């Protein structure tokens, strides 16, 4: 999947280099992700919502929140804040995300809490004048975390990495 996304980004970057100023302003959206972690075989499918503002094609900010449910473990919540740069035209766009994420995970073995660096890349396709379909890969968190196996103990400084592939839709005001 990473190779497909990289190829799509490269093709879209070449196509979307022109006319980068046409999609400035506020936007909101939502989607679903497939998230996996580095410490076991758990996979989650969180739903996320986001909103942001593009000041210019190269300067934008975005906030995302999400959570998953069910099963033996779940992502109870995550919050991310990103710097977003984007290149777009009337057909599509490419974008990069760089930011910070806080997340909480509940599992049979206890609860995990972590904060850390987050980054990603995506490609978007224009559905209509206001709507876009986006596909992205991101490292939701590459962080140090804390594990709480029970109410009375904790283990600090665990290396945690969550990566995700997402499909989202956004609406541009």
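Run down 107, 103, 143 and say which single residue is modelled with pLDDT under 90, surrounded by 15 or more Cβ atoms within 10 Å (Cβ to Cβ), out of contact with any helix residue (DSSP H, G or I) (no Cβ under 7 Å at 6 or more places or on another chain) and closer than 17 Å to residue 46 by Cα.
107
Output the residue which, of all residues in the range 75-89 that are over 14 Å from residue 61 (Cα atoms), crowded, with 18+ Cβ neighbours inside 10 Å and in contact with a strand residue (DSSP E or B) (Cβ under 7 Å, 6 or more places away or on another chain), is modelled with the lowest pLDDT.
Here the residue is 87.
Under 8 Å between Cβ atoms, at least 6 apart or on separate chains: pull out the pairs that start in the range 28-41 with a residue that is on the phi > 0 side of the Ramachandran plot and at pLDDT 85 or above and end on any residue that is surrounded by 20 or more Cβ atoms within 10 Å (Cβ to Cβ) and not in a strand (DSSP E or B).
No pair meets every condition.
Given the condition crowded, with 16+ Cβ neighbours inside 10 Å, closer than 26 Å to residue 25 by Cα and under 18 Å from the mean Cα position of the chain (by Cα), answer yes or no: does some residue in the range 149-161 qualify?
No, because not a single residue in the range 149-161 is crowded, with 16+ Cβ neighbours inside 10 Å, closer than 26 Å to residue 25 by Cα and under 18 Å from the mean Cα position of the chain (by Cα).
Taking the residues in the range 111-132 that are touching a strand residue (DSSP E or B) at 6+ places or on another chain (Cβ under 9 Å) and surrounded by fewer than 16 Cβ atoms within 10 Å (Cβ to Cβ) as candidates, determine which candidate is farthest from residue 47 (Cα to Cα).
129
Inspect all residues belonging to the range 97-114 and state whether any of them is more than 21 Å from residue 48 (Cβ to Cβ), assigned to a strand (DSSP E or B) and more than 19 Å from the chain's Cα centre (by Cα). Don't jump to the end; show me each part of the working.
Going through the range 97-114, the residues more than 21 Å from residue 48 (Cβ to Cβ) turn out to be 108-110.
Okay, now just the ones that are also assigned to a strand (DSSP E or B), so 110.
Filter again for more than 19 Å from the chain's Cα centre (by Cα), leaving 110.
Taking every residue of the range 97-114 in turn, at least one turns out to be more than 21 Å from residue 48 (Cβ to Cβ), assigned to a strand (DSSP E or B) and more than 19 Å from the chain's Cα centre (by Cα).
Enumerate the pairs (first residue in the range 135-146 and outside any strand (DSSP E or B); second residue anywhere and surrounded by fewer than 17 Cβ atoms within 10 Å (Cβ to Cβ)) with beta-carbon separation below 8 Å, excluding pairs fewer than 6 apart on the same chain, so at least 6 apart or on different chains.
Going by the 8 Å Cβ cut-off, there are no qualifying pairs.
The values are calculated or read from the model by the stated rules, or taken from the named source; none is laboratory data. Just so we're clear, the structure is a prediction, and the values are computed from it rather than from any experiment. So basically every Cβ, Gly included, is an ideal-geometry build from the backbone, and we count neighbours across all protein chains shown.
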